[in-house]
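Report on the structure given below.
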């Protein structure tokens, strides 16, 4: 089990109803974490999500470590 | 003979030493006028000149008419 | 030195543009994104809300501008993106690039705005006159939900 | 309505940019030409003098902008060119274009500045720190004088 923090933005923040949460999880990777949270929240289908750990983009296979801050990134729409 | 006015800009103005002059000429076209004035002033070689009559670009074969205002246009360099 | 930033309130562009001045620079190209009253063929946009993941957004924005310096012969470049509630006509994003010559200034300006729109984690929620609202891109994605797995 | 103009003195761009605002416009692309301290690989430019054939210049500038409206899906477009003595760093020319989308704004802005530089009767005299001076383009042409007849 690792202790992590998840931050939510935009459509995911509205869906979850919170901008962040602290979690204990047995998920091995950020991909596993997404699936765990998807089971809990039934995230809206958003096409290709990206993911960041500790304010850097990373692969879905990135291992979770204690203290990580994870953000799932819906399709962006700046400009 | 027609009575016309010639205006000079930039390198031609400096070469002639005046921004404009009134002329009586027997030149039939603006091209003929250029050659007449070139004999008088020995214009610097400027590559492809353009010419305007009465504030519109025109061909070198344009006939001169009484009251015309003629401008020879050296290569431009705006911007 | 910072080349990319977020602003939560309206701001004056003039001092930011002034930072791009340089005696060697003969060309300045800029782009401004303004909030318009329509999107994807639908009229009646009342206002937008921009939300950003700022810590990552600034890093990605700085990377984009570093790429522009590597690709194009430019003198200076900056980008500022607004966050928060924006009314029709308000400035949402500004890109400014100075260079000795205009080819590089135009190309770099275009590169930066294109990459910022595709890569910087910023989201835009439209609010329509009829009371409808939605996150741009996300709603379209949801329409194709059955086609694509959520994870690439 | 006038889309192209000359200014004999320094001027504030802000009111001119403000004229390009429009609720349908989501994109604004601009170009500014600034007086730089070098040209054609030669350093030491002190200042420039711009001279224009204004009556024809305004007509040709208006034609160029009309062409841009015909070619690109743009909302508004303006161009202002300075005349007179300009110091290093001063604004020599400004082109501003607003459009619903950025492709058209960029393309039209580039079209207008390229055509203005090639077609509008404006001449530029460089003054160098060593006391030398010369009309840009004309001196280069003179160097090839033997090759080309003066009349096309």
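The values are calculated or read from the model by the stated rules, or taken from the named source; none is laboratory data. The model shown is predicted, which means the values in this text are computed figures rather than measured ones. Counting neighbours? That spans all protein chains shown, and the Cβs are built from the backbone with ideal geometry, glycine included.
Going by the structure shown, is residue C:61 away from chain A (no Cβ under 12 Å) and within 15 Å of the chain's Cα centre (by Cα)? No. Can you pull out every residue in the stretch A:54-79 that is under 11 Å from the mean Cα position of the chain (by Cα), surrounded by fewer than 20 Cβ atoms within 10 Å (Cβ to Cβ) and assigned to a strand (DSSP E or B)? Across the stretch A:54-79, the qualifying residues are A:69, A:73. Might you check whether a residue that is within 27 Å of residue C:35 (Cβ to Cβ) and not in a helix (DSSP H, G or I) occurs anywhere in the stretch A:20-34? Within the stretch A:20-34, not a single residue is within 27 Å of residue C:35 (Cβ to Cβ) and not in a helix (DSSP H, G or I).
Residues in the stretch D:97-120 that are in a helix (DSSP H, G or I), crowded, with 24+ Cβ neighbours inside 10 Å and either within 14 Å of chain B (Cβ to nearest Cβ) or over 18 Å from the mean Cα position of the chain (by Cα) (or both): D:109, D:112, D:113, D:116.
Just so you know, in the stretch A:6-35 the residues that are within 7 Å of another protein chain (Cβ to nearest Cβ) and closer than 16 Å to residue A:68 by Cα include one that is farthest from the chain's Cα centre (by Cα), and it is A:31.
All of (1) in contact with a helix residue (DSSP H, G or I) (Cβ under 8 Å, 6 or more places away or on another chain); (2) within 14 Å of chain D (Cβ to nearest Cβ) hold for residue C:77 with one exception: (2). Of all the residues in the stretch C:77-100, those that are touching a strand residue (DSSP E or B) at 6+ places or on another chain (Cβ under 6 Å) and farther than 27 Å from residue D:100 by Cα number 0. Kindly indicate whether any position in the stretch A:36-46 is farther than 23 Å from residue C:134 by Cα, at the interface with chain C (Cβ under 10 Å from one of its Cβ atoms) and either in contact with a strand residue (DSSP E or B) (Cβ under 7 Å, 6 or more places away or on another chain) or modelled with pLDDT under 95 (or both). Checked the stretch A:36-46: no residue is farther than 23 Å from residue C:134 by Cα, at the interface with chain C (Cβ under 10 Å from one of its Cβ atoms) and either in contact with a strand residue (DSSP E or B) (Cβ under 7 Å, 6 or more places away or on another chain) or modelled with pLDDT under 95 (or both). The residue of the stretch C:13-49 that is surrounded by the fewest Cβ atoms within 10 Å (Cβ to Cβ), among those that are more than 10 Å from every other protein chain (Cβ to nearest Cβ) and in a loop (DSSP other than H, G, I, E, B), is C:41.
Just checking, which of C:139, C:90 is modelled with pLDDT of 95 or more and more than 7 Å from chain A (Cβ to nearest Cβ)? Steps first, answer last, please.
Working: C:139 fails: modelled with pLDDT of 95 or more.
Only one candidate qualifies: C:90.
Exactly one residue out of A:28, A:45 is surrounded by fewer than 20 Cβ atoms within 10 Å (Cβ to Cβ) and touching a helix residue (DSSP H, G or I) at 6+ places or on another chain (Cβ under 7 Å), and it is A:45.
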